[in-house]
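*Asks:* Questions regarding the structure given below will be posed in turn.
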Amino acid sequence: MQNHESAASQSAPPLPRRRWGREALFVLVAVFLAFGVLELLLRLAGFRYSTVPILADARWGEENVNVMNREAKQDLFERDDLLFWRMKPGHQPDFRRVNELGLLNGPIEIPKPAGVYRILCLGDSCTAMGPVDYPMILHRRLSAVARPDRRFEVINAGVYAYTSLQGLRLFRERLANVEADLVTIYYGWNDHYTTVGYPDKMLASCEQVQPAVALLRQMRFFQLVQQIVGAARSYRPSDTPRVRVSPDDYRANLEAMVELARARGALPLLLTAPSNHTPGNVPAFFLERKMAESEEALIARHRQYNQIAREVAAGCNAPLLDLDAAFDQRNKSELILRDGVHPTPAGRHLIAQLIMDKMADLGILAADDHARLATLKVTYDSFNPNRLRSHIEFLNGPPRGRVGLPVPMNIRLTNTGDTLWLAKQEGQVGQVILGVSVYDKEGRHLFEKEGSEIPRDVPPGDGLELHWMLSPFTAAGQYILEVKPVAGFVCWFHETGDARTTTTLTIEP
């Protein structure tokens, strides 16, 4: 019996071996075909989903840059794949010219010359704003204590509307070779403004995407997975409103800039951003443009971001220049423009002075040099002003005129500030001119009328009489007339705390 079983077993054919390689290939082909069919069906159905690129193209694309240029009233900005936008090299927004790095600064010598202590000022429009910006004031003041073996150089790396994320990318990618010794970091405003789109870090243009990743993002199946995952952890409008850079990301960006500065052998100096906003004293455009959901939210959020800067300085053991606290101890109406954000010319002079004081505290500026700078007499003119103040007197009483006839204007204008008024300037930058605005009896703005230039320079304490004609009015009635001095391309006097001068204007039939 056993022999028969043994013989049967020996005569049976062997079992076929499993061909694992072929089966694995079949499985892969099947999976590939399934994904391919799904991809084809999604494309035929017109499915498309993107967490970032479509909105990014709409918000930070060419049209967005065009809007910025229209608001700036000049062709200042251009598209940038890394930074969203930058200032166009070679463009001249005022007397300053944008350099090859997209900065409102002269050419930067690389490598850095021997004996140069280089200060790099990172920031937004508060740093970029000029035409005489605070980095330029700082540079000019420090030039007074230059020695043959050491001179100071200050670079303005402020760019209008930049957040700390853009500043970090600019510092890391575009300014790697500037060899700064001191890096000032002044951001915050644009970071905490609310956005109707995505936060800055989610925008497609802010990342350098590998080709394989870019190809993957084009696949509709991958987009479907993104949509499902996104829906599972969707952002709810009832939660905290979206800002361009969240508090946690703001903190991380500041810490990264501090670390990067130190890695490059520079000393980081964090600055807080002063503000003049109080309840009832926030310009309407902040809410009209949806930069904040309320006055209270804007004020509270700005305080929060300033506190983050203080905490980063303490946590990283980095020096801090608390401009917010320093401005609070002074008359902020003279130091901050009426938008409550940007420093006035006097505010820029103060920032430069406070940076020099901090440099002395840190041992960068020798005590005798600091003392010498404190005793140097600083003269101001309307190109580089400090306190712009005026007194306007209407000679022969409020002006009167008749419909269809020119209206005579006769005033006496007195310089009551500490700044020389310049009568003639190339391109009118810093040239003092009188503007004229006309309002109805209820104070609604109607139109602008002809102003007047001043015939000569006017030093502090001096004055002169001006006589000119306004073009004819077409309707009789009572109007309100405002005469307002401006330093061309610098600022209106009233933005820096100068009193506004108005009078009644009677136009008879």
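*Asks:* I need a count of the residues in the stretch 430-459 that are assigned to a loop (DSSP other than H, G, I, E, B) and of a type in the set (Asp, Glu).
*Replies:* 3
*Asks:* Then there's this: Using the structure shown, decide if Val132 is in contact with a His (Cβ under 6 Å, 6 or more places away or on another chain), at pLDDT 95 or above, hydrophobic (A, V, I, L, M, F, W, C) and assigned by TED's automatic domain parsing to the domain that holds Ala180.
*Replies:* So Val132 does not fit the description; no.
*Asks:* On to the next question. Would you pick out the residues in the stretch 359-407 that are of a type in the set (Asp, Glu) and either part of a loop (DSSP other than H, G, I, E, B) or farther than 28 Å from Val490 by Cβ (or both)?
*Replies:* If the condition is that a residue be of a type in the set (Asp, Glu) and either part of a loop (DSSP other than H, G, I, E, B) or farther than 28 Å from Val490 by Cβ (or both), then Asp361, Asp368, Asp369 are the ones that fit.
*Asks:* Suppose the filter is touching a strand residue (DSSP E or B) at 6+ places or on another chain (Cβ under 9 Å) and under 25 Å from Asn384 (Cα atoms); does Gly477 pass it?
*Replies:* On the way: touching a strand residue (DSSP E or B) at 6+ places or on another chain (Cβ under 9 Å): yes; under 25 Å from Asn384 (Cα atoms): no.
In short, no.
One line per residue, one yes/no per condition, for (1) surrounded by fewer than 20 Cβ atoms within 10 Å (Cβ to Cβ); (2) more than 24 Å from Thr344 (Cα to Cα); (3) in contact with a Leu (Cβ under 6 Å, 6 or more places away or on another chain):
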position	(1), (2), (3)
Ala72	yes, no, no
Lys88	yes, yes, no
Asp94	yes, no, no
Asp124	no, no, no
Met136	no, no, no
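*Asks:* A further question follows. For the stretch 352-377, which residues satisfy the criterion of being closer than 25 Å to Gln431 by Cβ and touching a residue at least 60 places away in the same chain (Cβ under 8 Å)?
*Replies:* Across the stretch 352-377, the qualifying residue is only Ala352.
*Asks:* Go through Val432, Val438, Val483 for me and flag whichever is closer than 16 Å to Tyr380 by Cβ, at pLDDT 95 or above and among the aliphatic types (A, V, I, L, M).
*Replies:* Step by step, each of Val432, Val438, Val483 is checked, and only Val432 is closer than 16 Å to Tyr380 by Cβ, at pLDDT 95 or above and among the aliphatic types (A, V, I, L, M).
*Asks:* Could you run through the stretch 77-126 and say how many residues are touching a strand residue (DSSP E or B) at 6+ places or on another chain (Cβ under 9 Å), part of a loop (DSSP other than H, G, I, E, B), in contact (Cβ under 8 Å) with a residue 40 or more places away in the chain and aliphatic (A, V, I, L, M)?
*Replies:* Matching residues across the stretch 77-126 total 4.
*Asks:* Counting only residues that are surrounded by 23 or more Cβ atoms within 10 Å (Cβ to Cβ) and over 15 Å from Ala314 (Cα atoms), how many does the stretch 254-272 have?
*Replies:* Of the residues in the stretch 254-272, 1 are surrounded by 23 or more Cβ atoms within 10 Å (Cβ to Cβ) and over 15 Å from Ala314 (Cα atoms).
*Asks:* Could you list, in sequence order, the residues of the stretch 408-429 that are assigned to a strand (DSSP E or B) and not hydrophobic (A, V, I, L, M, F, W, C)? Show your work before the answer.
*Replies:* Of all residues in the stretch 408-429, those assigned to a strand (DSSP E or B) come to 408-415, 420-422.
Matches in the stretch 408-429: Pro408, Asn410, Arg412, Thr414, Asn415.
*Asks:* Of all residues in the stretch 137-172 being assigned to a helix (DSSP H, G or I) and without any contact (Cβ under 8 Å) to a residue 24 or more places away in the chain, which is nearest to Pro268 (Cα to Cα)?
*Replies:* Across the stretch 137-172, the extreme among qualifying residues is His139.
*Asks:* Across the stretch 390-416, what is the number of residues that are touching a residue at least 60 places away in the same chain (Cβ under 8 Å), of a type outside the set (Ser, Thr, Tyr) and either in contact with a Leu (Cβ under 7 Å, 6 or more places away or on another chain) or closer than 30 Å to Met129 by Cβ (or both)?
*Replies:* Here the count works out to 9.
*Asks:* Could I ask something else about it? Which one of the conditions (1) within 24 Å of Arg389 (Cβ to Cβ); (2) buried (at least 18 other Cβ atoms within 10 Å of the Cβ); (3) at pLDDT 95 or above does Gly497 fail to meet, given that it meets all the rest?
*Replies:* (3)
*Asks:* Looking only at the stretch 436-456, filter to residues that are in contact with a Phe, Trp or Tyr (Cβ under 6 Å, 6 or more places away or on another chain) and not hydrophobic (A, V, I, L, M, F, W, C); which one of those is nearest to Glu482 (Cα to Cα)?
*Replies:* His445
*Asks:* Among the residues in the stretch 460-474, are any free of Cβ contacts under 8 Å to residues at least 40 places away in the same chain, of a type outside the set (A, V, I, L, M), outside the structural domain of His342 (by TED's automatic domain parsing) and not in a strand (DSSP E or B)?
*Replies:* Let us first name the residues in the stretch 460-474 that are free of Cβ contacts under 8 Å to residues at least 40 places away in the same chain, namely none.
Taking every residue of the stretch 460-474 in turn, none turns out to be free of Cβ contacts under 8 Å to residues at least 40 places away in the same chain, of a type outside the set (A, V, I, L, M), outside the structural domain of His342 (by TED's automatic domain parsing) and not in a strand (DSSP E or B).
*Asks:* For the stretch 463-482, name all the residues that are surrounded by 14 or more Cβ atoms within 10 Å (Cβ to Cβ) and either touching a Cys at 6+ places or on another chain (Cβ under 7 Å) or not hydrophobic (A, V, I, L, M, F, W, C) (or both).
*Replies:* Gly463, Tyr479, Glu482
*Asks:* Report, by residue number, each residue of the stretch 406-446 that is surrounded by fewer than 14 Cβ atoms within 10 Å (Cβ to Cβ) and at positive phi.
*Replies:* Listed by number, the residues that qualify are Gly427, Gly443.
*Asks:* Please enumerate the residues belonging to the stretch 475-498 that are closer than 26 Å to Pro93 by Cα and part of a strand (DSSP E or B).
*Replies:* Passing the criteria: Lys484, Pro485, Val486, Ala487, Cys491, Trp492.
The values are calculated or read from the model by the stated rules, or taken from the named source; none is laboratory data. Fair warning: this is a prediction, and the values are worked out from it, not measured in the lab. Using ideal geometry, Cβ is built from the backbone for each residue, glycine included, and neighbour counts are taken over all protein chains shown.
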